[in-house]
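Report on one structure; see the data block that follows.
The values are calculated or read from the model by the stated rules, or taken from the named source; none is laboratory data. If you're wondering where the values come from, they're calculated on a predicted model, not measured in any experiment. As a convention, Cβ positions derive from the backbone with ideal geometry for all residues, glycine included, and neighbour counts pool all protein chains shown. Just so you know, the surface numbers come from the protein's heavy atoms only, side chains and all, with ligands and any DNA or RNA stripped out. Shrake-Rupley method; radii C 1.70, N 1.55, O 1.52, S 1.80 Å.
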Amino acid sequence: DLVSRPVRMEVYISKEDFKKYFASSNKNARNTVAGILRRKEYTNDIKRLSYVAYNILGSNEDEECQLIWLESLGFNVVPYQKINNDNKEEIFNTMEEWSKNLSYETDGVVIKANRFNANEVYGSTGHHPNNMIAYKFKSAVEKTILRSIEWSYGKNKVTPVAVFDPVELGGTTVNRASLHNLNIVRNLNIKIGKEVLVTKKNEIIPQIIYCDSAVSEEFKNVKCPKCGHKLKERDNGELYCSNVECSGQILEDAIRMSSKEGLDIKGLSEETWKAILKEKDEDFIPFMIISEANHFLENPDKNRHYGLTSKMWTKICQAISVASENVSMDKFLVACNVPLLGRTASKEISKFCDYDMQNFWKLRTKFDTIDGIGKAICENINENILTISNCEQFVTFRKVEKEKTTPGYNVAYKIAITGTLSKPRSHFVQLIESKGWTVSSSIPSNTHYLLCGENAGSKKDKA
């Protein structure tokens, strides 16, 4: 079972090497390692990195067996301790002190169930196996004075950023922390000039956790840092610019359009978009680059390469042309960059419309009946309906053949799941979806069946 399988490993840099070679020019060891690994060309810095192996992907053996096997093959393995009823109290009380003696920085430990076939017994989410849990050490907290609030533009919103007197946290100096939205500003009673407590979330991201104030700062007339228009506030406290001609908004639309979740246009980077947008008028929408690319390929213009070589611009135009053909409806909707309409919501709407844009226009008033598509998403779609229509003309959509229905399974059932089942939830989700049915995470009124395991709770009562 352990032969010819991928091995999971964690790359790190020792405290000694970080202090000796990188401390003067880098903020922390983790970012230093990530930067070295992302380099496209080999550098001597790679010699400073080390690794520990901790898992054999897909193995059914228990955790200790995997580590012993890896070590026998010559891998450096992660240090570990076995916990049982006799030693658990001692280990939990000394874990943080024990970690300080490691040669590298760590912000916690991972506790795993050491048993055979754990993947099947505990199941997994789309993100991680369920047979383990991260135990984080208590983060350091420092007092400082909040001096000002700056406004950062990105991802369809403008974010308040707290600027405070510098403090030392986790070996680095920090003087800024994102406050995310106005709801957080209000809940923390953020007030300029007041004392705040600052920590690092997961030992990486600076975060304000307390402000010594009874009332929060009022931000009623905040203006867009890109175009100067007055910002609007969403229900969740996020601020956004509603100016369709805002340079920041157009750049965000462009980046989203060419992203992997959107049309996935190779080579069309943020820097290239910035160069392109410098030469565009205010009526330009990012999807127009598709027409320009196709025109260039048919009639190469030597004078317009946006600072790129002719060869590089031709390559990007070819990628744009290919990406605009055979586009799936869900990726198109993501590429339109409608606020809150991400990958998951776009896929659910596309399934509801049988991946047919004609059905999108016919059924858009019924999107609120889709499980997981709320009022806010529907309102944002309606507010951006002209944008979607304008973008649609630049792409050709993939033809999706309707799946043949299996005899006896011709009803599009919606099924919810609750309680502890005999196998992981993912097993039943896959079984249900293989019949063309839908698994609902809640109990909307159009649910057909509820699959109940042991200790079924509120879903059963609601059904």
In segment 205-320, with Lys and Arg counted as +1 and Asp and Glu as -1 at Cβ, which of these residues, Asn299, Phe219, Val244, has the Cα nearest the positive end of the dipole, that is, farthest along it?
Asn299
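Taking Cα atoms of segment 57-211, Rg/Rh with Kirkwood Rh, to two decimals?
1.09
Can you figure out the FRET efficiency of Ser4 with Ala214, using R₀ = 51 Å and their beta-carbon distance, to the nearest 0.05?
Numbers: r = 64 Å, r/R0 = 1.25.
So, using R0 = 51 Å, E works out to roughly 0.20.
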Subtracting the Cα-Cα distance from 0.36 nm times the residue separation, let me have the gained length for Thr420 to Glu90 in nm, one decimal.
115.5 nm
If amide H atoms are built 1.01 Å from N in the plane of the peptide, which residues on other chains or at least 5 residues away come under 5 Å of the amide H of Val222?
Leu231
Taking H as built 1.01 Å from N, whose amide H comes closer than 5 Å to the amide H of Asp165, not counting residues under 5 places away?
Ile145, Arg147
If each residue of separation counts as 0.36 nm, what is the full-extension length gain between Ser242 and Ser458 once their alpha-carbon separation is subtracted?
73.7 nm
In a solvent-free Debye calculation with one equal scatterer on each Cα, what is log10 I(q)/I(0) for segment 196-349 at q = 0.08, 0.11, 0.19, 0.21 Å⁻¹, listed in the order of the q values?
-0.34, -0.60, -1.19, -1.31
Roughly how many Å is it from the Cα centre of segment 408-463 to that of segment 341-359, as a whole number?
21
How about the chain: what cysteines have no other cysteine beta carbon under 4.7 Å from their own?
Cys65, Cys211, Cys317, Cys336, Cys353, Cys378, Cys391, Cys452
How many nm is it between the label spots at Asn44 and Tyr122, if each spot is 7 Å from the Cα in line with the beta carbon?
4.4
What percentage of the solvent-accessible surface of segment 172-217, computed with a 1.4 Å probe over protein heavy atoms, is contributed by carbon and sulfur atoms?
48
With a 1.4 Å probe and all protein chains left in place, how much accessible area per residue does the chain have, in Å²?
62
Quick calc, the chain, dipole around Cα centre from Cβ unit charges on Lys, Arg (+) and Asp, Glu (-), nearest 20 debye, gives 380
Beyond 18 Å between alpha-carbons counts as too far, so tell me which of Lys20/Lys136; Lys143/Lys201; Lys19/Lys100; Lys112/Lys136; Lys136/Lys201 fall in that bin.
Lys20/Lys136
Probe radius 1.4 Å, ligands and nucleic acids ignored: give me the carbon and sulfur share of the accessible area of segment 109-163 as a rounded percent.
53
Taking 0.36 nm per intervening residue step and subtracting the Cα-Cα distance, what contour gain separates Thr365 from Ser441 on full extension?
25.2 nm
Can you work out ³J(HN,Hα) from phi for every residue in segment 57-63, in order, using Karplus 6.51 cos²θ - 1.76 cosθ + 1.60 and θ = phi - 60°, giving whole Hz and x for Gly and Pro?
4, x, 6, 9, 5, 5, 4
For a quick check: with amide H placed at 1.01 Å from N, whose amide H comes under 5 Å from Lys201's, ignoring anything fewer than 5 positions away on the same chain?
Gln207
Two-site label geometry, Lys138 and Val322: point separation in nm, points 7 Å out along Cα→Cβ:
5.6
For segment 8-94, alpha-carbon Rg relative to the globular expectation (2.2 N^0.38 Å, N residues)
1.39
log10 I(q)/I(0), Debye, Cα-only the chain, no solvent, q = 0.10, 0.11, 0.13 Å⁻¹?
-1.17, -1.38, -1.52
Any idea what log10 I(q)/I(0) is at q = 0.16, 0.18 Å⁻¹ for segment 227-280, Debye with uniform C-alpha scatterers and no solvent?
-0.58, -0.69
Span from the segment 97-154 Cα centroid across to the segment 178-242 one, whole angstrom:
25
Förster radius 51 Å - calculated FRET efficiency between Lys232 and Glu168 (Cβ-Cβ, nearest 0.05)
0.85
Unit charges at the beta carbon, dipole of the chain: most positive-side option, Gly74, Met257, Asn189
Met257
